[in-house]
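Working notes for the structure below.
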Amino acid sequence: MTLTNAIQSYKQLELLAHVDLNDVIIKVSQELLEMLEAKANNALEELEKETADTIVNILSASNEVGITPNEEKIIKKSEVSDSALLMTMKQWLQSVQAIRQRYSRDKVSREELTTVTEEFLSQILSYGNTQKSLEEILQHNTEKFSQRIEEYKPHIDLKSFIHEYPDFPKPPVLFKDISPLLRSPEVMKYLCFELAAKAK
């Protein structure tokens, strides 16, 4: 299995779990901070787990904006300071937002984002002390994620957002009003994910 295929398998699960790019970008920051906390507490098992989670989310977000890093260019650093890692995270986040043209006036090419992503992943690998390849990390997290999809997915009963009016505009018509569904951004997001999963 190639890295691209491993990412695609993981992305399929994100679709089923209703995880979007904004969720993934937030997760990168959250997982990285948990990684630094585990390092500070010398919790090696937790550190390896958080490192893997951070890597998977970076790969997912990068894929979503159209880049796949070259694994051969991702080389573990001998030692990286926490501040250097945080600065690279900031640069990566700014680059992703620039590519998305969200909250940014910066101009960043896909090549520049690829380079930043490869540097970011190289630094993260030095923290986790993992011997696994990126593909192995993705495969492991895909198996883990596949068992917890329902925990992540919001539970919304679409029928409760469709109001029925019998005999409107005349008998025996049953008018179904979907405007409550359309008024709720959360419900519309849920509906779009469900439609996208079925369309796949």
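The values are calculated or read from the model by the stated rules, or taken from the named source; none is laboratory data. Here the structure is a predicted model, which is why all the values come from computation and not from measurement. Glycine also receives a Cβ, built like all others from the backbone with ideal geometry; neighbour counts cover every protein chain displayed.
Some points to look at:
- Residue within the range 164-172 that is under 29 Å from Cys192 (Cβ atoms), surrounded by 12 or more Cβ atoms within 10 Å (Cβ to Cβ) and among the charged types (D, E, K, R) present: no
- Scope the range 42-56; condition hydroxyl-bearing (Ser, Thr, Tyr) and either over 15 Å from Phe145 (Cβ atoms) or touching a Gly at 6+ places or on another chain (Cβ under 7 Å) (or both); matching residues: Thr51
- Single match in Glu194, Glu135, Glu143, Glu150 (criterion: of a type outside the set (Lys, Arg) and farther than 30 Å from Thr51 by Cα): Glu194
- Cβ pairs under 7 Å, 6+ apart, first in the range 29-45 and without any contact (Cβ under 8 Å) to a residue 24 or more places away in the chain, second of a type in the set (Asp, Glu): Glu34/Glu50; Ala38/Glu46; Ala38/Glu50
- When Ala6, Ala40 are checked against the criterion of being crowded, with 20+ Cβ neighbours inside 10 Å and either under 19 Å from Ile99 (Cβ atoms) or not charged (D, E, K, R) (or both), Ala6 stands alone in meeting it.
- Scanning the range 191-200 for residues being surrounded by fewer than 16 Cβ atoms within 10 Å (Cβ to Cβ) and in contact (Cβ under 8 Å) with a residue 12 or more places away in the chain gives a total of 3.
- Residues located in the range 70-88, provided they are touching a Leu at 6+ places or on another chain (Cβ under 6 Å) and either without any contact (Cβ under 8 Å) to a residue 60 or more places away in the chain or crowded, with 16+ Cβ neighbours inside 10 Å (or both): Ile74, Lys76, Asp82
- Helices (runs of 4 or more DSSP H) lying entirely in the range 90-190 (those with 3 or more residues that are without any contact (Cβ under 8 Å) to a residue 12 or more places away in the chain and not hydroxyl-bearing (Ser, Thr, Tyr)): 134-146
- Looking across the range 21-68 at every residue that is outside any helix (DSSP H, G or I) and of a type in the set (Val, Ile, Thr), the one that is nearest to the chain's Cα centre (by Cα) is identified as Val65.
- Residues considered: Leu138, Leu121. Of these, the only one that is farther than 19 Å from Lys39 by Cα, assigned by TED's automatic domain parsing to the domain that holds Gln8 and surrounded by 19 or more Cβ atoms within 10 Å (Cβ to Cβ) is Leu138.
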